[in-house]
Structure formats: C-alpha cells, structure tokens
1. So, of the residues in segment 40-49 that are part of a helix (DSSP H, G or I) and within 16 Å of residue 9 (Cα to Cα), which turns out to be farthest from the chain's Cα centre (by Cα)?
2. What about residue 245, is it surrounded by fewer than 19 Cβ atoms within 10 Å (Cβ to Cβ), over 21 Å from residue 71 (Cβ atoms) and in contact with a strand residue (DSSP E or B) (Cβ under 9 Å, 6 or more places away or on another chain)?
3. May I ask you to list the residues in segment 256-275 that are touching a residue at least 60 places away in the same chain (Cβ under 8 Å) and touching a helix residue (DSSP H, G or I) at 6+ places or on another chain (Cβ under 8 Å)?
4. Considering segment 137-157 alone, what residues qualify as being within 13 Å of the chain's Cα centre (by Cα) and either free of Cβ contacts under 8 Å to residues at least 24 places away in the same chain or outside any helix (DSSP H, G or I) (or both)?
5. Would a scan of segment 250-258 turn up a residue that is in contact with a strand residue (DSSP E or B) (Cβ under 9 Å, 6 or more places away or on another chain) and surrounded by fewer than 20 Cβ atoms within 10 Å (Cβ to Cβ)?
C-alpha cells in the first residue's frame, strides 16, 4: 500500500460509524510500524480529541504487538541477551527510547571498570572494583523511597536516574560483569533478587546450577555487599519460606525478564492500572512456552 492509500485510510479514522472505524483500524494494524509516522502526523494536525484518541490507540496496539513478537523471538535460547530483554520490556512504556544512547552509557561504565581490573585480582577484589565504579563513581543506588514504583523496573529509567530495585540493579551489574568475562549471574531469590559469583576455573563444566560452584553472593541493592549462604538461609527463614535449590543457584536470563515483568505487574496493580496489568500479563504469557 502506497502513502496515498495510507493517508486515505487515516483520513477515515474520524468516521462516526463504528463499523467503518473498526475496518480501517484493522487495516492499519496489519500495515504495522510503517504507518506510525503517518498516524503521528495526522494526530499533530488534528484538533479532534476523538480522532487523536483513536490514533493513540492504534499506535499503541502496533507497538505493543511488535514488543510481544520481539519478546517471543528474544526468548529463543540463542537470543536471550539480558540487556536486550530488559530494553524490550522498557519499550512497553517508552517506545521511542534511544537504545544506542543507553548501551553507550553501559559501555562507559564497563570501560571504567575494565581500566581498574587486572589478572591478579581475586574474585572478591574484582567485585570491590565493580562496586566502587558502579556505586561510588557512577552513583547508582537503591530506590528505597519509591521501592514499588514501576520506573524502577524500566532499565532505561534506571540507567538515567541511577536508582533501581533489586532486579534492575542486578541486571545492570550482571550485564557489565559478564561482558568483562566475570562469571556473575542472577539468583531468583523470593522477595528479593541477588547475584552469584560462580567458580569458572579451568576444568569446570558449564553446569551453573551446581550450588557448590557458587563462591559467594552479591546484593546490588545494598551497594554490592557480599552475601554468604547462611545469610540466605536466615532471609528465607524470616520470610517463612522453605529452602529450595533454585534460591541458591544462578537462573536463566529468561527467568530474570519474567521476574522483571512480575515486578511491573505488581507495581501497576498497586497503582490501580488494570489495562497495563492486563497487557503486561500478555507479555509474560508470550514467554510462557520457553
């Protein structure tokens, strides 16, 4: 369909007949992202609130469907890069986010850490370097005042504001560490989220689910403080939860993105946004088969 035909369709969006509008909407949805610039132009040049509302709804549907499809593609085992997954979730609320700018910001943090590392450092010393650069130099910190705010789960907002929740801070920490070939991975601890520094020495297999391979744990929500197994035991006891192997071993990137979605669903439930809750549950379901 050429631009003239697209403009003709868009010009019919203000038709008072709901059946006509429904047919036009379906055709525009089928065209996908290519039609968004035309819709945005029509919105800017209109003073009709009904037309603007209809255009906003169609743009949102197109963007939402693209995120859902992209998430399903990302969930394939060979595609589960952690930062990409977090950025996809952020596009739900910020469809026009500047991904290149955000990746450049993360790359700068990684570069600053790399300059302080050397091959003679122990695992704990490497973590101290990461903590210093991330929390002292770049001033990342826990958002304790607005812990349940949805902004804490949108990775672009966390990178820009430098405030996050346990999951989002752990994602940034793990992405940077893994890019530097430091074996730090997420641990899906209930009611919290931490990281595990895994023994990745010579002769080790790739079974990261072996709890004996975890050297120690890291709590990014507490400025990267080291955590031992006994402290996790105590935390689970406080939460009245039975110990489970999954609470002590690294989880997949897929599990981390599901946890991110769960946080957002809980945040919007608290704020009373049922439409957002319903849509985020659809995104969660898109990952269910993997």
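The values are calculated or read from the model by the stated rules, or taken from the named source; none is laboratory data. Remember, it's a predicted structure, so these values are computed and weren't measured experimentally. Methodologically, a virtual Cβ is constructed for each residue, glycine included, from the backbone with ideal geometry; neighbour enumeration extends over all protein chains shown.
1. So, considering only residues that are part of a helix (DSSP H, G or I) and within 16 Å of residue 9 (Cα to Cα), the one farthest from the chain's Cα centre (by Cα) is 42.
2. No; evaluated as a whole, the condition is false for this residue.
3. The answer is 256, 257, 259, 260, 261, 263, 264, 267, 268, 271.
4. Those that are within 13 Å of the chain's Cα centre (by Cα) and either free of Cβ contacts under 8 Å to residues at least 24 places away in the same chain or outside any helix (DSSP H, G or I) (or both): 151, 154.
5. yes
So that you can scan it fast, the table gives a plain yes or no per residue for (1) over 26 Å from residue 262 (Cα atoms); (2) assigned to a loop (DSSP other than H, G, I, E, B); (3) out of contact with any strand residue (DSSP E or B) (no Cβ under 7 Å at 6 or more places or on another chain); (4) assigned by TED's automatic domain parsing to the domain that holds residue 250:
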{"position": "69", "(1), (2), (3), (4)": "no, no, yes, no"}
{"position": "88", "(1), (2), (3), (4)": "no, no, yes, no"}
{"position": "108", "(1), (2), (3), (4)": "yes, no, yes, yes"}
{"position": "125", "(1), (2), (3), (4)": "yes, no, yes, yes"}
{"position": "159", "(1), (2), (3), (4)": "no, no, yes, yes"}
{"position": "168", "(1), (2), (3), (4)": "no, no, yes, yes"}
